[in-house]
């Protein structure tokens, strides 16, 4: 799990480092298969973005 958290923090940091004044408004995490961890990835990425001081709204559309 530590490797996953580190990777998500790196993705968030890289996103803001390459475009410091243009932030993505929507990040979508999808897969054609259920049970592969989409909600977990979305939650952890949201937490990583919050750690950078970003406002986050997480919407999980799983049924």
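The values are calculated or read from the model by the stated rules, or taken from the named source; none is laboratory data. No experiment lies behind these values; they were computed from the predicted model shown. Cβ placement follows ideal geometry from the backbone for every residue including glycine, while neighbour counts extend to all protein chains displayed.
Among the residues here, residue 9 does not qualify as out of contact with any helix residue (DSSP H, G or I) (no Cβ under 9 Å at 6 or more places or on another chain) and modelled with pLDDT under 85. Annotation note: Cβ proximity below 6 Å between a residue of the stretch 8-34 that is more than 16 Å from residue 53 (Cβ to Cβ) and a residue that is modelled with pLDDT of 80 or more and in a helix (DSSP H, G or I) (sequence gap 6+ or interchain) occurs for 29/38; 29/41; 29/42; 31/38.
Inside the stretch 48-58, can you point out the residues that are surrounded by 12 or more Cβ atoms within 10 Å (Cβ to Cβ) and either in contact (Cβ under 8 Å) with a residue 12 or more places away in the chain or outside any helix (DSSP H, G or I) (or both)?
Looking only at the stretch 48-58, we keep the residues that are surrounded by 12 or more Cβ atoms within 10 Å (Cβ to Cβ), and these are 48-52, 54, 56, 58.
48, 49, 51, 52, 54, 56, 58, listed by residue number.
Taken over the stretch 22-47, the residue count meeting the criterion of being at pLDDT 85 or above, within 12 Å of residue 58 (Cβ to Cβ) and in a loop (DSSP other than H, G, I, E, B) is 2.
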